[in-house]
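**Student:** Provided herewith is a single structure, encoded as structure tokens, for subsequent inquiry.
All of the numbers you see were taken from the coordinates with simple rules; none came from a lab. These figures come from a predicted structure and were not determined experimentally. Because the Cβ atoms are built from the backbone with ideal geometry, glycine has one as well, and the counts that use them run over all protein chains shown.
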Amino acid sequence: MTDGSAPTIAGDGVGVLLAGELYHTAALRTAIGSAADGVRTGAELLLACWLRYGTPGLRLLDGRFAAVVVEGGTVVATTDHAGTVPLYLRWGTDAIELATEAKALVGGCHGGLPVPGTQLAPGLPRVRRIQAGTAVTMVPETGFATAIRTWRPPMHRIVLPEDVAIARVTAVLDEAVRSRVDGRRATVVLSGGIDSSSVAALAHGVGALAESVSLGTDAGDEFPAARIVATHLGTRHAEFRIGAEDLVRQLPWAVAAAEIVDPDVLEYLLPLVVLYRALPGDGRHILTGYGADIPLGGMHRGARRLDSLDEVIAVDMSTFEGLNELSPVLAGVAGHWTTHPFWDRAVLDLLTMLEPGLKRRHGRDKWVLREAMRGLLPETTVHRPKLGIHEGSGASSVWTSMLLGAGVAAVDVPAVKRSVAIALHERVVGRAEAPEDVSFEEVLREVVAN
Ligand code: AMP
Ligand code: MG
């Protein structure tokens with residue numbers, strides 16, 4: 001799983017494997033100096049950075065990646081600041097195995113003992129996940145392991161005049177999109193909400209928007225809102241409509257890709273996995289608006305007071321770990337690569353740090369982002385209230401009605417959703433069964449019968 005460039009490289013007794021891509025590399029090249037001359041790929045840049053700075057140099061890397069560095073008898077496994085590319089570890093008696101999918105590490109009877117900087121993967125007693133923003137150093141020979149943090153969510157807040165905050169948000173998001181397209185043509189998954197519309201407008205602004213795409217079902221869609229944006233930009237746009245029950249039947253794919261058991265998060269990810277699978281062509285470079293709500297408090301439309309808004313932001317920023325919402329495997333199962341400008345390190349730092357009064361202002365949620373995008377988007381888009389993907393597509397409600405139809409009592413729906421997710425996970429991750437061989441309805445019947 002990579003962006004397409006050679007993922008491994010060796011030099012000066014060091015082996016490097018980079019799964020993913022680095023962004024904002026010009027500054028890093030400057031810091032590394034002449035050793036970065038002639039360096040072409042991300043893996044080569046990581047190697048050059050390592051040779052100059054060692055393990056703490058991993059803090060300089062800015063990107064969407066998991067990486068492994070082997071030097072002498074030492075193995076270093078690291079994630080990007082937000083762990084957007086999951087990295088799993090099984091440390092057995094005679095080998096350290098690392099993979100970007102937990103299902104690749106099931107089986108075997110060793111592993112699972114505590115390792116600093118890691119957490120057990122859900123449902124898998126011998127597989128551990130390297131934490132977000134962490135580099136774990138392991139010496140297989142002696143069993144020694146230690147970890148450093150390479151990033152933490154900021155806890156302080158900065159106070160800025162409105163115009164300065166707006167200008168900074170515009171600049172940092174524009175740079176995140178530029179760095180992510182880097183001369184390529186991108187597909188944007190577009191709901192017509194402010195987040196994905198911002199990404200579409202900025203990608204179009206640098207001439208990189210090949211197409212935007214929207215998903216709808218027979219239970220709901222946001223097609224008109226997305227169309228308004230594509231028409232405004234004058235860009236190519238495609239709509240994909242599928243039956244809502246058929247969407248829910250693809251849950252084994254969402255569980256296999258996300259490798260999680262949280263039914264709420266699965267409801268957000270399922271429509272995206274379904275859309276990625278429906279897209280014609282392979283190897284698309286996809287940009288999303290995913291994740292803007294976490295540093296901006298967008299999910300907490302009801303939080304009236306700024307103290308509670310900032311507190312939910314602080315909590316959400318310290319609990320995203322392990323949800324795998326940004327995992328590239330979600331689109332990787334369909335042969336595409338995704339990247340998420342709102343979780344660019346500099347964007348995330350800035351949005352998190354802005355004082356909450358810039359996020360809820362003049363009666364509007366995500367105020368600073370809306371103002372930053374005012375010149376690029378239609379007025380209706382700038383003011384459009386948030387609608388979650390699980391709401392707009394009907395994923396939540398139709399999954400619920402399918403459970404009710406199978407005889408589940410309304411009060412039991414949340415617990416049964418979780419049990420279904422756990423049962424699916426056991427098959428597509430725990431036993432690494434192919435998702436096309438696992439029937440949602442059969443798993444539901446088994447869960448209801450027990
Ligand atoms: P949301 O839950 O609305 O914040 O959605 C997260 C991201 O998923 C958005 O920023 C879009 O990039 C994408 N998305 C949401 N809904 C749709 C949709 N109906 N069609 C295509 N992409 C979507
Ligand atoms: Mg939305």
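**Student:** Can you tell me the relative contact order of the chain? Whole percent, Cα pairs under 8 Å, sequence separation 6 or more.
**Tutor:** 16 percent
**Student:** Once both labels are modelled 7 Å past Cα along the beta-carbon direction, what's the ALA10-ARG40 spacing in nm?
**Tutor:** 2.0 nm
**Student:** With Cβ to Cβ distances under 13 Å as the rule, what net charge do the other residues near LEU113 carry (K, R +1; D, E -1)?
**Tutor:** Overall, the nearby charge balance is +3.
**Student:** Using all Cα-Cα distances in segment 21-118, what percent lands in each 10 angstrom bin from 0 up to the longest?
**Tutor:** With a bin width of 10 Å, the distribution comes to 14, 43, 29, 12, 2.
**Student:** Continuing with the same structure: Could the peptides 70-82, 94-106 be put in order, highest first, of the mean number of other beta-carbon atoms found within 10 Å of their residues?
**Tutor:** Ranking the peptides 70-82, 94-106 by packing returns 70-82, 94-106.
**Student:** Can you give the net charge of the other residues whose Cβ lies under 9 Å from the Cβ of LYS417, counting K and R as +1 and D and E as -1?
**Tutor:** Spelling it out: positives minus negatives among the neighbours equals -1.
**Student:** If you take every DSSP beta bridge fully contained in segment 153-282, what fraction is antiparallel? Give it as a percent rounded to 5.
**Tutor:** 10 percent
**Student:** Where does the charge balance sit around PRO224 when Lys and Arg score +1, Asp and Glu -1, over other residues with C-beta under 11 Å from its C-beta?
**Tutor:** -1
**Student:** So what is log10(I(q)/I(0)) for the chain at q = 0.13 1/Å, when the Debye sum runs over its Cα atoms only?
**Tutor:** Computed log10 I(q)/I(0) values: -1.25.
**Student:** Let me ask something else about it. What whole-number distance in Å separates the alpha-carbon centres of segment 95-133 and segment 35-71?
**Tutor:** 24 Å
**Student:** To continue, here is another question. Once the dipole of the chain is set up with Lys and Arg at +1 and Asp and Glu at -1 on Cβ about the Cα centre, which of VAL139, LEU89, GLY54 lies farthest towards its positive end?
**Tutor:** The listed residue farthest towards the positive side: GLY54.
**Student:** Among ILE32, VAL68, GLY117, which residue has its Cα furthest toward the positive end of the charge dipole of segment 29-135, with +1 on Lys/Arg Cβ and -1 on Asp/Glu Cβ?
**Tutor:** Farthest along the dipole direction, towards plus: GLY117.
**Student:** What are the membrane-span-like helices in the chain by this rule: whole DSSP H runs, Cα extent along the axis at least 27 Å, mean Kyte-Doolittle hydropathy at least -0.5?
**Tutor:** Answer set is 162-181.
**Student:** Report the residues of segment 75-94 in range of a label on ARG149: point 7 Å along Cα→C-beta, backbone N strictly under 14 Å from it.
**Tutor:** Output list for this probe position: 81-83.
**Student:** Same structure, new question: Report the normalised scattering of segment 287-434 as log10 I(q)/I(0) at q = 0.15, 0.16, 0.21 Å⁻¹, calculated by the Debye formula with identical scatterers on the alpha carbons.
**Tutor:** Results for segment 287-434 at q = 0.15, 0.16, 0.21 Å⁻¹ read -1.00, -1.09, -1.36.
**Student:** Using the Cα atoms of segment 39-79, I'd like the radius of gyration and the largest Cα-Cα distance, Dmax, both in angstrom.
**Tutor:** 9.7, 27
**Student:** Can I ask one more? Can you give the extra length, in nm with one decimal, that the chain gains between GLU97 and THR380 once fully stretched, where that is 0.36 nm per residue apart less the Cα-Cα distance?
**Tutor:** Contour length minus the Cα-Cα distance gives 96.8 nm.
**Student:** Calculate how many DSSP beta bridges within the chain are antiparallel, expressed in % of all such bridges and rounded to the nearest 5.
**Tutor:** 70 percent
**Student:** Within straight cross-link reach of LYS417, meaning Cα distance under 29 Å, which lysines are found once same-chain residues fewer than 8 apart are removed?
**Tutor:** Output for LYS417: LYS103, LYS386.
**Student:** Assuming R0 = 35 Å, what is the FRET efficiency of ARG364 and VAL413, from their Cβ-Cβ distance, to the nearest 0.05?
**Tutor:** 0.60
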